[in-house]
Each structure stands twice: as C-alpha cells, then as structure tokens.
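Undergrad: My questions will all concern the structure given below.
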Amino acid sequence: MPFVGSFIAAFMPEDARNREAWLASFIAVCGLVVTLWLYPLVASGEVIRYRLEWMPEMGLYFSLRMDGLAWLFMALLEVITLLVVLYARYYMSPKDPVPRFFSFLLAFKGSMVGVLLSGNLIQMVLFWELTSLASFLLISYWHHRADARRGARMSLTVTATGGLCLLTGVLMLGHIVGSYELDDVLAVGDLVRAHPWYVPTFILIALGAMTKSAQFPFHFWLPHAMAAPTPVSSYLHSATMVKAGIFLLIRLWPILSGTSEWTWVVAGAGICTMLLASFFAIFQHDLKGLLAYSTISHLGLITVLLGIGSPLAMVAAIFHTLNHATFKASLFMAVGIIDHESGTRDMRQLRGLLHMMPYTSTLAIIASAAMAGVPLLNGFLSKEMFFSETLHWGYGKWMSVAAIVYGIFSVAYSLRFIYVFFGKPAQDLPSQPHEPPRWMRFPVEFLVLCCLIVGIIPGLSIGPMLHLAVESVLGTQTPHYSLAVWHGFNTPLMMSIGALALGVVFYTVLRLFANLTHIDKVPVFHRFSGAQAYESFFLWLTVGAGRVETWLSTRRIQPQILVILSVAIISAAVAWPKEVKFDFALATKDLDPWFALLWLIGCTCAVGAAWQAKYHRLRALILLGGTGVITCITFLMLSAPDLALTQLMVETVTAILILLGLRWLPARLSPKELNIEVPLTVWGRRSRDFSLAFIAGLGMAGLSYWVMITPKHETISDFFMLRALTEGGGSNVVNVLLVDFRGFDTMGEICVLTIVSLTVYALLRRFRPAPESMPLPAQQNNLADPAIRQTPQQQASVGYLMVPGVYLRLISPVIVLIAAYLFMRGHNMPGGGFVAGLTLAIAIILQYMLAGTTWIEARLILRPGRWLAFGLSVVLATGAGAWLFGYPFLTSHTTHLTLPLLGEIHVPSAFFFDLGVFAVVVGSTILILVALAHQALRSHRQPGSTQSDYQTLKELN
Amino acid sequence: MIYVIEPLPLWISVIVAAFLILGGLIVFIGGLGLLRLPNFYQRIHAPAIAITLGAGSILIASMVYFSSVESRPVIHELLITIFVFLTAPITSMLIMRAAVYRDLQDGKIDYSKPSSQPFPVEKED
C-alpha cells in the first residue's frame, strides 16, 4: 500500500503540499489501524503469517510474518510516519517539489514495512536494499547541494555494501539451515552455532547490520546524511531506518548470539561506537551534527546491550530502541523547528531561545533530558537497565567503566544542546525566531508526552507491548524484569547519579577552561575520520582503476582487434581437427565458367576495395559496391531472390550512408605525397597486421568451405521447409523463419538496430569534425562551378538539382507503393518487412539527396524516434498478445480476413510482427540519415567562423 | 532452374526472336560505343541508346512472349519501361554535370567565350 501511495504521490502536481500530506497520513493511519487491529491476535502469542507463491520452484515465497517484535517495530514505524508526515507538511517550503519528497517517503515506509514483516530472509534483504535506496533518494532530495549529493552517495555506498554482505551472509545461513523461511531458521539456533560456517556467516550478517545502524567503523555516513531535510533525518536516520540493523540483530539474536564471537564483535563495535560518537557529539557546533553523533552513540549502546547477550540485556535493548526513537525523533523535529524559524543551526550563534520560543524550547529541553538519562523520563529507565547489565557482564569490570564514561559524555552533549535555550537572546540570527504553527509542534509534543508517560509509569504504558516483543524473541528464556522508576538504592542508580553529576562537572570544565565553543576539531580523535578514510579509499580506487585500465586496456581499436584475432587464430590452430580434408575436386566439378568469371570480378572488387581503403576511400566504396552487386547476382543465380533483393537494398543504403559520412573524414595523404620515409618498424607492424588479417580471412574461408563440403546430415532447414506453411502460415520460408520460428531472435536484432541507430545519432549530435574537414570541400569552393554561387536551397529549387528532384518526387509514391507491395507479399513470396523498410528508407534518402535537408524537413515531418518506438511496441504487443490466448510469448496465429476491396487476404499475427520490423528499419535508417544530414547543415551554417578557427589553428602550429 | 518451354506458335517465336536479337544488337552497339567513342560527351550517348532502345526491344519481346505463354496480355513491362525512362535521364544528367564540372576545373571550357567551343573535343588518350 505505501508503494501504491508513493506512485500516486509521484504524479501529483508540484504545489499539492496539502493533498500529498493528506495522502501520506491516510496511508500511515491505515497502517496504524491495521497494526493496532492485529494487536489482540499478536498479544495472544500467535504469529501471523501470510504467504504468496513467488518462485516456488526455487523455494522462494513471498511471505509475511508478524510476531510481537515485528508488531512493536511496526507500531513504532506507523506512529513516527504519521507524525513525520504531519511535521513535513509544515517543514517543507512551498517551493520544494513536494511530490518527490512524499513519494520517496512512502516508498521508504513501504520498504521498511517489508523489512519488518518479511518472513523470508531473501525477501527481507530485498526490502533492506530498498530502504537504502529510498534513504539515498531522500538524502539527495535537495540535489542542488553538493553536501547532499556527497552524503547520499556515501550513505548508499556504505549501506549497499553492507547489504551485499548481508545477502551473502543470509545465503550462507540459508544454506546451513536449508531454508530461507524465518520460522525454520529461528528454530535451529544450535545447528547454526555449531556449523563450521558460523563465523563467516555471522560476520557478514553483522557487517550488514552495522553498516545500516552506523556502527564503528562505519559510523561516518550518518552525520553526512544529515544534509537531508530534517523530517527525513528524524524519520530515517534516527527513528526507523538505522534501527533496521538493530532489528536484524534482535531478529537473529536467538540463532546467532551466545558465542564469544558474537559478544566480542557486537559488543566491541558497540562500545567503540558509543564512546567515540558521544565524545564527538560534544564537539559539534551544528545542532543536527550533535544529534547525529548522539544517535550513533545510542545505537552503539543498543548494540552493546545486544552484544552482552543476556536476556535482560535484550529487554533493555528493545526498550531503549523505543525510547531512543521517541526522544530522538522529537529532538530532530525541534531542531528542525529552530532551524526553520531562526535560519541557523549553529550552536555558537543560537542563544536564549527559551525567551523567543518558550514552548518548543521546553519540549526540547525535556527531550534532551531524556537523552541524558534524567530520572522520571524514559531515557533514564533504559539507561539504568544498561548500567545494571554492564555490572553483570562476565568479562570484567571495564564494561561498567565504559558505561559510566559514556554516561558522562552523553550528559555533556545534552547540556551542550540545552545551552542554546538559555542566556541572552541572540541578536544576530538570520531571522527572528518565534513559535511554529500549532500542528508543526504537535508531533514534538506528542513524542515528549510519550517520553514522560513512559518515564513515569512504564509498567502501565509500554509494559505489555514490550513484554510481547521480548517474548517473541526470547520465547521460554524470557526473564523476570520489572519496569519501575524506583528500584531502591542500588549500584545502577548510583552509577546514574554519578554519571549525571560528573557529566555536569565535565561540561562545565570544558566550557570554562577548554574554550569549548571555539574548538573546530574534535580533540585527540579528529584523526579517526571515517569520512576521510572513505574519501581516500574511493580516490585510491578511482586512481587504481585508472592505472589498471591503462595497463590492461586501450581505447584504440587496433590493439584490441590484434589481441582478439591472435587469440582466435591460436585457439583455432590448437583445436584444429586432424580429419579435416579439403576436397577441392568437389568445388571444381560442375563449374559454371560464367559463374566463375562473376566471382573473379567480385573477388577483384573486394581485394581492390581493401587495397584502396586507406588513401582513396571513395574508390574503395565503389569497389565495395561492385562486390555487393556480385553477391546479389550470386544470390539470384542460386535462386534466393529474397536475399538478392535484401542485399541490393542493403548495399544501396550502406553506400549512401557511408558516402555521407566520408565527407567528414580528413583526407589521407600517402607517404609519397608527403615526402616522408616510412620507418622499418612501421613496415614490420604493417606486415604483421597484414599476415594476421590474411590468416584470419583464410581461416574463415576455410571454415565456411569445410562446412559446405561436409556431407549434410538431417539439418534444421528441412524442418523449417516442412513446417513453414502448416505452422507458420506462409510459404516464404525465410520470412516465416525470421518473423515466426525465430521471432525472438529477430526481436533482439531489431532492438540492437534501434540501439545502434540511437547511438549513431547521439554520437553525431555533438560531433565536431576534424579542423581540416571543417571548411567546404574543394569541389564546393571552386569558383569555376556556377552552382557555387547558389545556396543549397537554391540549387535544389531552381539550380541543377531541380530536374532530378522533380523527377524523383514523381517516382517516390511509386517507391512507397513498391515498399507496401513487398511488405504485403512478404509472408508467401519474396519480400518482407525488412526489405520493405529499406525500400521506403531509400525513397526518403533520395528525397534528402536531391531536394535538400531544409526543403524536405519543411514539408515532411519524419520523427524517426516515433517510428522506432512504434515498431518496437508493435513487436512487443504482438508477442505479448499470444499470452492473452494462453500461448507462450511470440506464438503466432493465422486467420483469413475477407476485405471488401482486396478480396481474401490472410493475416498471420506474424504480419504485425513484420510491421514492427518494417517500422524499426525505416526509423533507424532515417535516424542515421537525419544525423548525417544535419551535420552537413550545421557546418554550412557557419563557414566563416570555422574557417577562422582553422586558420588560427594553423598559425598556432 | 528448370523452365518448361512449351512450343510457341512460329510467328510468335519469330517476333520474340527478332526483338531479342535487335535488343541485343543495340546493347552491343551501345557497349561498343562506350568503348570506342573518343569524347565523354559523345560516350554518354551510347549507354543512353542502349538503355532506351535496347531495353525497350527486350521488354517488347518479353511482353509478347509472356502474353503468348499465359494466354493473356502481360504488360508489366510497361511499368519497367516507364521507370527506366524516368530514372535513366537523371543519372545521365548528374554524370554529365560532373563531367562539365571536371572540365571547368581543368580549364578545358572557357566561360568567357561561351559560343566558341561548347563541347570541346578531347584529345585521344
């Protein structure tokens, strides 16, 4: 449902801020209602499952599964979504393209729901990646800002890499267990822990979770992700998405935890994160930066709790996840309000906000007090649970010390945050702060209220739901715990109070003696910059890839071909079968002398073309045409009129298009004309290339000859001959073969054709010819020719091209008719879509040549792109049409229609397929033609400037 | 390629044969002219004759033959004739223009004295 919403939202108009928000909230409310409605079911200990066939043959199902844990996270997600949408409605400026925002937001929500509810591990990873993607899009929402783009890229790289690790880990896990269904996986924890693959699997999954939850050493992306709009920061990067990693760890806790690897990796990363990030947070000047680092440290705290591995720690972890989501989301929103109203987030400027916006300030102070762990607020409870867990940890006392240090740091940064609300009101703010609109404040109020309620009466408010989640994870291991504010004077309480007091002292010391507000770098640890490492790594990667490319690759085609051909020849020589004998007697038997003469001419032409290709391209082209004509005659003599026809058309079009292209190639002068000696090395290289080409050509010829003289077994052509009429509905086997039996091939081929023509067009669109071929060619510059005093348009309309032009205009309808004729008869007689397309293209090419580009385009609207699109769509539609009748893709069908004028004609569905081929051929030929023709137009337009360019270039040299 | 040649009435055979031979002769003469004539502007006429007259004769032969074989008037060849008549002059014109251009470039035609030597006689190579 959120995905559908996302789709709808994407199409809403730019200024539909209210409608977008309504849509999004409606979806969130629906989700919330459904979630709440499922509460009784889940509360009764039942696991709700829903399953759809996805790829049953591969053991993959689209399955949804909701237990207590998923329910709790779902409820959290839905509530936060609702609040964030409400908040974003007021936060986003009317100038921002809101549809995109809400569309991404809903897409994110959908993927997050997917992660939470997936009952299949693979499916969960899929949604996991989708959340990364949505996060990327949301961070880069203000894509005109460089920091947003950079942050988005960084977060995507890190989280997607983690996602890849996760996928690998999950695949290994699935392999160990033998199933990807979560139910099956959760049931066999002992098996997994005992398996030799346990360590790599666990490490990979942990990598996935830690990158997502910004754990050390992957924490650096989160502060950079703060370039996103504040609703996004509060939604994705504090309350929901970063919790996905935590969720995954909790989810797989029953099967992966309990080993020393688990404890060391998870708790170790958690402690590093927690301490470093909270230390960093103290020295931030940006409000959002502070919150980002504090988010990281809280995530670290939760990770530590998970790493401790005792059931009570699990309770604390889940509880703290909830608490953190409430107070951190509200803090982000409060910061957003401050930013929105005062125009800055710099803590060095902001002062005395309590006087200007008392209400918001109070809310923010309460929330940050919860963050610091002040009693009677929810943060206090979970933090106390954390302290008591560290005491019971089996690996020594240092964990408790770390916890207290963390407590001190967190109090310090909370104080740093709170400080902006006190003091003299600042005067130099970009805009005068005042209270935000009523409903913009509401989400903050609601969340802070939650903090208070949970903090004062935890057992009544959050207790049952928490219990539900804990039970679904721990099952029978569920410990006895009590959520109470007052547990009596015990060590955790002392630790809390001590941390609070020391934190205050620490902050005061920093403030008074260490000049906190003027430190730009984080002391001691500023060298631990993950972002710096990330950037250098990528720089290194780019440079390294460049180096590898220069070593192993080349942009010149000659060496590539050299390598390919050499490898081909060597492998062919190695694999050459011994029993191959060339029986030349077979070739000379029944030799028709005229045919031999024809071939002699053809071969001479081909050799001549190769000979002249370097210095006299035009001659080579003409000789090539001669070879083409000979090939065409050969086809005719061997009774293949279809091929002959096609060959003729192809030759014509090719010759004209190459001719048009030749004009832009600079002339090549032979060494004799240039009076230079060709060095011996060059001769050596050329001889090598020549012999290589010769061997390759000889090999190909030998191969073809061998294939031809090998006695025919039962070949596939007999099959086609037999079936063409009965099954393909046409007596022209070649055509039936192309459009029916091997329709899928043809479809691929016309796609290639389309791509090629689009590429040619794209390349020529920005093509700048070599300076020496920029000026008009000598033939068009010679004053002896009277035509040069006319513009191309004049030449075509009244000049020497007038008579041919008029003649051809007369003929072109006939050519079009012939094209239609060839097309219609294609299925049974020589012809078909390809030839017809070429014929039509020739008609248009002729018009271009004789009437001129300007004239023709003023009268005929060609749109080759639409031809291409039409052709491809028709082909696809024809192929897909077979599905409607329950046949596989591209199955063809023949009917006979009786039309009033034409009599009975038979219409196979391949007819429409052929129509598509026809359109694609016409479109791609015209597209290339247009590209070439416009190249000529462009250079004619500014001969003066190009001339001067050329001259300056000459002077420079 | 096996054509079953049914016996034709004698007079039809004679007509067809006569036109074929005539067409062949004309094309041959055209080819000879292309080879032998001294000057480009004279040479260009040789294929023109071959195309119009020679192809015309052969097409007439074809019409007569197929009309007789299929016992109905077969006049597709008229279309071919029309197309040949339409396209051949275009080719000739463009080729001749290229020749004129070449001669202008080489200074073989002098525009200042238009009437003096409109079609210069080239020297034998």
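Undergrad: Out of the stretch A:821-838, which residues are more than 28 Å from residue B:97 (Cβ to Cβ), more than 14 Å from chain B (Cβ to nearest Cβ) and assigned to a helix (DSSP H, G or I)?
TA: A:822, A:823, A:824, A:825, A:833, A:834, A:835, A:836, A:837
Undergrad: Residues of the stretch A:761-783 being surrounded by 15 or more Cβ atoms within 10 Å (Cβ to Cβ) and either at pLDDT 75 or above or within 10 Å of chain B (Cβ to nearest Cβ) (or both), which ones?
TA: A:761, A:764
Undergrad: Identify all residues within the stretch A:342-364 that are of a type outside the set (Ser, Thr, Tyr) and surrounded by 20 or more Cβ atoms within 10 Å (Cβ to Cβ); write none if there are none. Quick ask: steps written out before the conclusion?
TA: To start, the set of residues in the stretch A:342-364 that are of a type outside the set (Ser, Thr, Tyr) comprises A:343, A:345-358, A:363-364.
Result: A:345, A:350, A:351, A:353, A:356, A:357, A:363, A:364.
Undergrad: How about the stretch A:792-820: which of its residues are over 22 Å from residue A:875 (Cβ atoms), without any contact (Cβ under 8 Å) to a residue 24 or more places away in the chain and more than 11 Å from chain B (Cβ to nearest Cβ)?
TA: Of everything in the stretch A:792-820, those that are over 22 Å from residue A:875 (Cβ atoms), without any contact (Cβ under 8 Å) to a residue 24 or more places away in the chain and more than 11 Å from chain B (Cβ to nearest Cβ) turn out to be A:794, A:798, A:813.
Undergrad: Within the stretch A:628-648, identify whether any single residue is of a type in the set (D, E, K, R), modelled with pLDDT under 90 and surrounded by fewer than 14 Cβ atoms within 10 Å (Cβ to Cβ), and answer yes or no.
TA: To start, the set of residues in the stretch A:628-648 that are of a type in the set (D, E, K, R) comprises A:642.
Okay, now just the ones that are also modelled with pLDDT under 90, so A:642.
In the following step, the residues that additionally are surrounded by fewer than 14 Cβ atoms within 10 Å (Cβ to Cβ) were identified as none.
No.
Undergrad: Within the stretch A:473-506, count every residue that is outside any loop (DSSP other than H, G, I, E, B) and at pLDDT below 75. I'd like the intermediate steps shown before the answer.
TA: From the stretch A:473-506, those outside any loop (DSSP other than H, G, I, E, B) are A:473-477, A:491-506; that's our starting set.
If we keep only those that are at pLDDT below 75 too, we end up with A:473-477, A:491-492.
Going through the stretch A:473-506 one residue at a time, the tally reaches 7.
Undergrad: Test each condition in (1) at pLDDT 75 or above; (2) over 29 Å from residue A:344 (Cα atoms) for residue A:409 and report the one that comes out false.
TA: The failed condition is (2).
Undergrad: Follow-up. Among B:94, B:37, B:53, which is under 25 Å from residue A:808 (Cβ atoms), touching a helix residue (DSSP H, G or I) at 6+ places or on another chain (Cβ under 7 Å), at pLDDT 80 or above and more than 14 Å from chain A (Cβ to nearest Cβ)?
TA: Working: B:94 fails: more than 14 Å from chain A (Cβ to nearest Cβ); B:37 fails: under 25 Å from residue A:808 (Cβ atoms).
Answer to the selection: B:53.
Undergrad: How many of the residues in the stretch A:81-91 are out of contact with any His (no Cβ under 7 Å at 6 or more places or on another chain) and either of a type in the set (Phe, Trp, Tyr) or crowded, with 24+ Cβ neighbours inside 10 Å (or both)? Outline the logic, then answer.
TA: To start, the set of residues in the stretch A:81-91 that are out of contact with any His (no Cβ under 7 Å at 6 or more places or on another chain) comprises A:81-90.
Right, trim to either of a type in the set (Phe, Trp, Tyr) or crowded, with 24+ Cβ neighbours inside 10 Å (or both) and you get A:81, A:83-85, A:87-88, A:90.
Count: 7.
Undergrad: Report yes if residue B:69 is in contact with an Asp or Glu (Cβ under 9 Å, 6 or more places away or on another chain) and within 14 Å of chain A (Cβ to nearest Cβ), otherwise no.
TA: Values: in contact with an Asp or Glu (Cβ under 9 Å, 6 or more places away or on another chain): yes; within 14 Å of chain A (Cβ to nearest Cβ): no.
So residue B:69 does not fit the description; no.
Undergrad: Starting from the stretch A:275-287, keep only residues that are over 17 Å from residue A:335 (Cβ atoms), then list their pairs with residues that are at pLDDT 80 or above and of a type in the set (Val, Ile, Thr) whose Cβ atoms are within a distance under 7 Å, requiring at least 6 positions of separation or different chains.
TA: Short answer, once both residue conditions are applied: A:275/A:405; A:277/A:296.
Undergrad: Also, quick follow-up: Which of the residues spanning the stretch A:653-671 are touching a Pro at 6+ places or on another chain (Cβ under 8 Å) and either of a type in the set (Lys, Arg) or assigned to a helix (DSSP H, G or I) (or both)?
TA: A:663
Undergrad: Right, another one. Scan B:53, B:35, B:8, B:20 and give me the residue that is hydrophobic (A, V, I, L, M, F, W, C) and outside any helix (DSSP H, G or I). Let's see the steps before the verdict.
TA: Values: B:53 fails: outside any helix (DSSP H, G or I); B:35 fails: outside any helix (DSSP H, G or I); B:20 fails: outside any helix (DSSP H, G or I).
So the residue among B:53, B:35, B:8, B:20 that is hydrophobic (A, V, I, L, M, F, W, C) and outside any helix (DSSP H, G or I) is B:8.
Undergrad: Can you report the number of residues in the stretch A:841-871 which are free of Cβ contacts under 8 Å to residues at least 12 places away in the same chain and not in a helix (DSSP H, G or I)?
TA: Counting residues in the stretch A:841-871 that are free of Cβ contacts under 8 Å to residues at least 12 places away in the same chain and not in a helix (DSSP H, G or I) gives 2.
Undergrad: Being at pLDDT below 80 and more than 20 Å from residue A:872 (Cβ to Cβ) is the filter here; which residues of the stretch A:825-851 pass it?
TA: We begin by selecting, within the stretch A:825-851, every residue at pLDDT below 80; these are A:825-832.
A:825, A:827, A:828, A:829, A:830, A:831 - these are the residues of the stretch A:825-851 that are at pLDDT below 80 and more than 20 Å from residue A:872 (Cβ to Cβ).
Undergrad: Restricted to the stretch B:81-91, and to residues that are surrounded by 15 or more Cβ atoms within 10 Å (Cβ to Cβ) and within 19 Å of residue A:846 (Cα to Cα), which residue is nearest to the other protein chains (Cβ to nearest Cβ)? It would help to see each step written out before you state the result.
TA: Residues of the stretch B:81-91 surrounded by 15 or more Cβ atoms within 10 Å (Cβ to Cβ): B:81, B:84, B:87-90.
Filter again for within 19 Å of residue A:846 (Cα to Cα), leaving B:84, B:87-90.
Numbers: B:84: 11, B:87: 7, B:88: 10, B:89: 7, B:90: 4 Å.
Among those residues, the one meeting the criterion is B:90.
The values are calculated or read from the model by the stated rules, or taken from the named source; none is laboratory data. This is a predicted model, so every value here is computed, not measured. Backbone-built Cβ (ideal geometry, glycine too); neighbour counts: all protein chains shown.
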